[in-house]
Amino acid sequence: MQFNLPTINLFGEQAIEQLLGEIRKKGWKSAFIITDKYMRKSQTYERIIEVFSLAKIKFKVFDKTKPDPSIDLVEEACQYISGVSCDFILTLGGGSAHDLGKGVALMSQTQEPIKTFVGVHKIHHQVLPIVAVNTTSGTGSEVTRFAIISDTQEKVKLAIIDDALIPAISVNDTQTLLSMPPSLTGATGMDALTHAIEAYFSTDANALTDAYAIKAMELIGQYLLEAYNDGTNKKAREAMAQAQFMAGVAFSNASLGYVHAIAHQLGGRYHLPHGLCNAVLLPIVIDGLLKKDRTVRIHSIGKALRAPGSSYGLIGKIKQMNAKLNIPDALSKIGVQKEDLSDIATKALEDPCRITSPVQFNHNELVELLVKGL
Ligand SMILES: NC(=O)c1ccc[n+]([C@@H]2O[C@H](COP(=O)([O-])OP(=O)(O)OC[C@H]3O[C@@H](n4cnc5c(N)ncnc54)[C@H](O)[C@@H]3O)[C@@H](O)[C@H]2O)c1
Ligand SMILES: [Fe+2]
């Protein structure tokens, strides 16, 4: 068994400033910053530049990150970095910036096509180190071995899963998280809850991943609504930052299940926010798992979320959380089309995330489950 996470993880109100000492210890001198236009104008960016100035780091900035980064965007960023000295990549943003950065850390060091690396443990060369400054709570991408890159031609999200992609340093700075609008807080918080639940269900779960997953669920149950209702609540923001971090560690090591396997198809096809897809799918998939196998271990999840006794109490609790976060309760309400369901099911069955689900579905069963969730 192996259990991995970044070696250095910085939290709190001065997390960005703490980077200075860590960067000095590494002896790095040049960086490539990957962010988006919004973040480039932020105070967080200014604080990072101040740290770079003190550490005498030369840098180049790519600020064209878009939600759900594509293969083309990875190639464009690699072109931009080509021939430039770069000791590390600093990603500033949510899951999209980190995933783009992971794609560049990987693809700037090889001539092979990106699809060579799709799946589990396909990387056999050294990739650039990553410092992931995380601004959402969250995908957990700042701690995970996953890079999710969109294939816009095939309309799917590709999952590259390898320990080589785990950032060297993760940063969750509290001040940075305060500016998240409620819709982003809600969707990313439910993404984190889905990570914790799918990691706990996973056939690869173990005592270590369970500990991270259960604690993450407890904190999300306690603090997500508080952070959603008052984004300036530092205690709730810090708790959610830690919760999504733990959920990330849990799923990075135990992997995921059908919620993510399907969500990747909805994101790739309709460009819907990843967390929103997971939130809507979570009760639908848990219901499907339980209908096929009553022994799926959900008791501790219900306890962690303080849901009423029965398994259906847990589903009801998740639906209630979604309602309070203004998240729709049906796939059709987020634009999923009935005629696409068969293709979505086919592609979800090809997604590596479903391999560790405790219950497997065939194509017909998966379509049936999705029709029910429409
Ligand atoms: N690699 C992994 O382990 C992993 C896990 C789950 C999801 N993902 C991927 O992550 C992506 C989604 O990431 P995300 O949900 O973090 O959103 P995101 O990174 O796509 O960002 C969404 C929007 O929020 C804005 N934003 C980010 N932080 C902000 C802040 N603090 N204040 C105000 N605005 C802010 C961004 O500028 C952007 O416009 C998806 O592509 C998904 O597939 C990756
Ligand atoms: Fe996710």
Quick one: what pairs do we get from region 246-261, first residue without any contact (Cβ under 8 Å) to a residue 24 or more places away in the chain and assigned by TED's automatic domain parsing to the domain that holds C353, second basic (K, R) and within 11 Å of ligand 2 (Cβ to nearest atom), C-beta under 6 Å, 6+ apart or different chains? none
Looking at (1) touching a residue at least 24 places away in the same chain (Cβ under 8 Å); (2) closer than 28 Å to L158 by Cβ; (3) not in a helix (DSSP H, G or I), which is the one condition that is false for I355? (3)
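Results for (1) more than 30 Å from M1 (Cα to Cα); (2) of a type in the set (G, A, S); (3) away from ligand 1 (no atom under 14 Å from the Cβ), shown as yes or no for each residue.
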residue: T174; (1), (2), (3): yes, no, no
residue: D210; (1), (2), (3): no, no, yes
residue: N233; (1), (2), (3): yes, no, yes
residue: I262; (1), (2), (3): no, no, no
Looking at region 352-374 only, could you name the residues that are among the aliphatic types (A, V, I, L, M) and exposed (fewer than 14 other Cβ atoms within 10 Å of the Cβ)? V371, L374
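Can you list the helices (runs of 4 or more DSSP H) lying wholly within region 1-120 that have 3 or more residues being within 16 Å of ligand 2 (Cβ to nearest atom)? Let's see the steps before the verdict.
On the way: elements: 15-26, 37-40, 43-54, 71-81, 95-107.
The qualifying helices (runs of 4 or more DSSP H) are 95-107.
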Any chance you could count how many residues in region 322-342 are touching a residue at least 60 places away in the same chain (Cβ under 8 Å), out of contact with any Asp or Glu (no Cβ under 7 Å at 6 or more places or on another chain) and not aliphatic (A, V, I, L, M)? 4
Output the residue which, of all residues in region 82-126 that are within 14 Å of ligand 1 (Cβ to nearest atom) and surrounded by fewer than 20 Cβ atoms within 10 Å (Cβ to Cβ), is nearest to K58 (Cα to Cα). V118
Members of region 110-162 found to be over 16 Å from A261 (Cα atoms), touching a helix residue (DSSP H, G or I) at 6+ places or on another chain (Cβ under 9 Å) and polar (S, T, N, Q), listed by number: T110, Q126, N134, T135, T136, S137, S141, T144, T152, Q153
Among the residues of region 330-351, count how many are under 28 Å from L219 (Cα atoms) and surrounded by 14 or more Cβ atoms within 10 Å (Cβ to Cβ). 2
Every residue from region 21-75 that is over 19 Å from G94 (Cβ atoms) and among the hydrophobic types (A, V, I, L, M, F, W, C): I23, W28, A31, I49, V51, F52, L54, A55, I57, F59, I71
Against the definition (within 24 Å of Q109 (Cβ to Cβ) and of a type outside the set (A, V, I, L, M)), how does N172 come out, yes or no? no
Out of curiosity, is A254 within 16 Å of ligand 1 (Cβ to nearest atom), closer than 17 Å to M217 by Cβ and buried (at least 24 other Cβ atoms within 10 Å of the Cβ)? yes
Out of the residues in region 61-81 that are over 18 Å from I148 (Cβ atoms), at pLDDT 95 or above and touching a Ser or Thr at 6+ places or on another chain (Cβ under 8 Å), which is nearest to ligand 1 (Cβ to nearest atom)? D63
Set T185, T203, T194: member being over 16 Å from the mean Cα position of the chain (by Cα) and either under 29 Å from K115 (Cα atoms) or buried (at least 18 other Cβ atoms within 10 Å of the Cβ) (or both): T203
For I214, state whether it is within 12 Å of ligand 1 (Cβ to nearest atom) and surrounded by fewer than 24 Cβ atoms within 10 Å (Cβ to Cβ). no
So which of I8, I48 ends up being in contact (Cβ under 8 Å) with a residue 40 or more places away in the chain and either within 21 Å of the chain's Cα centre (by Cα) or surrounded by fewer than 19 Cβ atoms within 10 Å (Cβ to Cβ) (or both)? I8
Of all residues in region 248-276 being among the polar types (S, T, N, Q) and within 12 Å of the chain's Cα centre (by Cα), which is farthest from L165 (Cα to Cα)? S255
I need every pair where a residue in region 221-235 that is more than 20 Å from N322 (Cβ to Cβ) has its Cβ under 8 Å from the Cβ of a residue that is part of a helix (DSSP H, G or I), sequence separation at least 6 or different chains. N233/E226; N233/A227; K234/T174; K235/Y223; K235/E226
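Tell me whether region 134-142 contains one or more residues that are closer than 30 Å to A345 by Cβ and away from ligand 2 (no atom under 16 Å from the Cβ).
Of the residues in region 134-142, the ones closer than 30 Å to A345 by Cβ are 136, 138-141.
Remaining after also requiring away from ligand 2 (no atom under 16 Å from the Cβ): none.
Scanning region 134-142, I find no residue that is closer than 30 Å to A345 by Cβ and away from ligand 2 (no atom under 16 Å from the Cβ), so the answer is no.
The values are calculated or read from the model by the stated rules, or taken from the named source; none is laboratory data. As the structure is a computational prediction, the values presented were derived from the model and not from experiment. Neighbour counts are summed over all protein chains in view; Cβ atoms, including those assigned to glycine, are modelled from backbone coordinates with ideal geometry.
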